[in-house]
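Novice: Dumping the structure here so I can ask a few things about it.
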Amino acid sequence: MSKLPQKTIFTYETLVHATAGAAASIFAMSSVYPLDMIKFRKQLEDKELAEKSTFEGIIHLLKTEGIQSLYCGISPVLKTLGVSSFVYFYAFHGVKSLIPQEMRNSKNDFLLSLFAGVLNVITTNPLWVVNNRLKRCDEELQFTGLLDGLVHIATTEGISTLWNGVAPSLLLVSNPVINFTLYEALKRRFPIKTATAYFLLGALSKTIATILTYPLQVAQTRQRLTKGPRMSTAALLLTLLRKDGPSALFTGLESKLWQTVFATALMFATYEKVARLVFKLLLGTARRKNF
């Protein structure tokens, strides 16, 4: 009696999903990076941008600081995003491949997204801490890249500093959990395999996820830039509420929605098309091989 083949997450299919996800994320972020920069500076309460809309902010920075201000820190961000997306997509689709087709549903998508998100946060948070420092383009900064930034912060401020903001980041796992669960559910509900459909489904799911979790993103950004002792997530959010009211928890939301919704929608559309193309060219009809 022949043995059934043992399932494993180490397959070409999983590798294709992870590589396509990373490439699509880098492409999408490259397309909207100035919007991300405006959102980032608004979250830090940049007074020059506080009362300006997203596009007014872009024009203001172009006039006062030059085009380079809109792309400050883009190289390390894209590198980190590539690593982060690869980890997330690999974990999500790797474990998903172990689940029988008939058992794939929104509940399992929720659990898979949660697992992938937690793993991603734990492994890549140090890179995002360095990124947030580099995005400020501080002339006094004593490092210029990811690796020297990791070493510098660890040696001068302590290794624990590299996990600043990890608490809100873990809470923010709820963002991709909501996003991916809704996206996968919508794909099953509307099985239309066009780039436009993927774009719209991605935009809708990300809009809902972003609005629900945005206050945590504000806390995350501020904690990652804190040197030394820092307030807890709850204390930081309460401080913002007392100081400036509920609107402080949504500082930069307009810029974030423009940036993240468009980027995520573009990412999903690109990812789906790239993955399908690679499967068609290299794997044929759902054929799997161990690598």
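Novice: Work from the charge dipole of the range 119-219 (Cβ charges, +1 for Lys and Arg, -1 for Asp and Glu, about the Cα centre) and give the residue of Thr210, Leu134, Ala197 farthest towards its positive end.
Specialist: Ala197
Novice: State to the nearest 20 debye the size of the charge dipole of the chain about its Cα centre, where the only charges are +1 on K and R beta carbons and -1 on D and E beta carbons.
Specialist: That gives the chain a dipole magnitude of about 1140 debye.
Novice: Between Ala235 and Leu281, how high is the FRET efficiency from 1/(1 + (r/R0)^6) when r is the Cβ-Cβ distance and R₀ = 35 Å? Nearest 0.05.
Specialist: Once the sixth-power term is evaluated, E becomes 0.10.
Novice: In deg cm²/dmol, rounded to 500, what helix-only [θ] at 222 nm does the chain give when every DSSP H run of at least 4 residues adds -39500 (n - 2.57) and the total is split over its residues?
Specialist: Here the helix-only value at 222 nm equals -22000 deg cm²/dmol.
Novice: Turning to a different aspect of this structure: Would you work out which of Met37, Ser69, Tyr90 lies farthest towards the positive end of the dipole of the range 25-115? Charges go on Cβ: Lys and Arg +1, Asp and Glu -1.
Specialist: Tyr90
Novice: Quick one: pull the percentage of alpha-carbon pairs in the chain with a separation above 33 Å.
Specialist: Above the 33 Å cut-off, the chain has 25 percent of its Cα pairs.
Novice: Turning to a different aspect of this structure: Test of understanding: in a Gaussian network model of the chain with alpha carbons linked when under 10 Å, which of Ser205, Ser247, Ser97 would top the mean-square fluctuation ranking?
Specialist: Comparing Ser205, Ser247, Ser97 in the GNM, the peak value goes to Ser247.
Novice: With every protein chain kept in place and ligands, DNA and RNA left out, what is the accessible area per residue of the range 141-291? Probe 1.4 Å, answer in Å².
Specialist: That works out to 51 Å² for each residue.
Novice: If R₀ is 51 angstrom, what is the calculated FRET efficiency for the pair Gln101 and Glu48, using the beta carbon separation as r and rounding to 0.05?
Specialist: Result of the calculation: an efficiency of 0.45.
Novice: Here is a further query. If you consider only alpha-carbon coordinates, what radius of gyration and Dmax does the range 45-110 have, in Å?
Specialist: According to the Cα coordinates of the range 45-110, Rg and Dmax are 20.3, 57 Å.
Novice: Still on this model: Just going by the charge dipole of the range 82-219, with Lys and Arg at +1 and Asp and Glu at -1 on Cβ, which of Leu150, Pro100, Ser169 is farthest out on the positive end?
Specialist: Pro100
Novice: Output the 0 to 90 degree angle, nearest 10, between the alpha-carbon long axis of helix 195-224 and the longest principal axis computed from the alpha carbons of the chain.
Specialist: 40
Novice: Right, something else. Hey, could you get me the Stokes-Einstein D for the range 1-123, Kirkwood radius over alpha-carbon pairs, 10 °C and 1.306 mPa s, rounded to whole µm² s⁻¹?
Specialist: Calculated translational D: 93 µm²/s.
Novice: Give me the Kirkwood hydrodynamic radius of the range 207-260 in Å, from all C-alpha pairs, to one decimal place?
Specialist: Radius from the Kirkwood sum: 11.7 Å.
Novice: Heavy atoms only, 1.4 Å probe, whole protein assembly: order Arg41, Arg188, Arg133 by accessible area, highest first.
Specialist: Largest accessible area first, the residues go Arg188, Arg41, Arg133.
The values are calculated or read from the model by the stated rules, or taken from the named source; none is laboratory data. As the structure is a prediction and not an experimental result, all values here were calculated from the model. Backbone-built Cβ (ideal geometry, glycine too); neighbour counts: all protein chains shown. Surface accessibility is based on the protein's heavy atoms, side chains included, excluding ligands, DNA and RNA. Shrake-Rupley method; radii C 1.70, N 1.55, O 1.52, S 1.80 Å.
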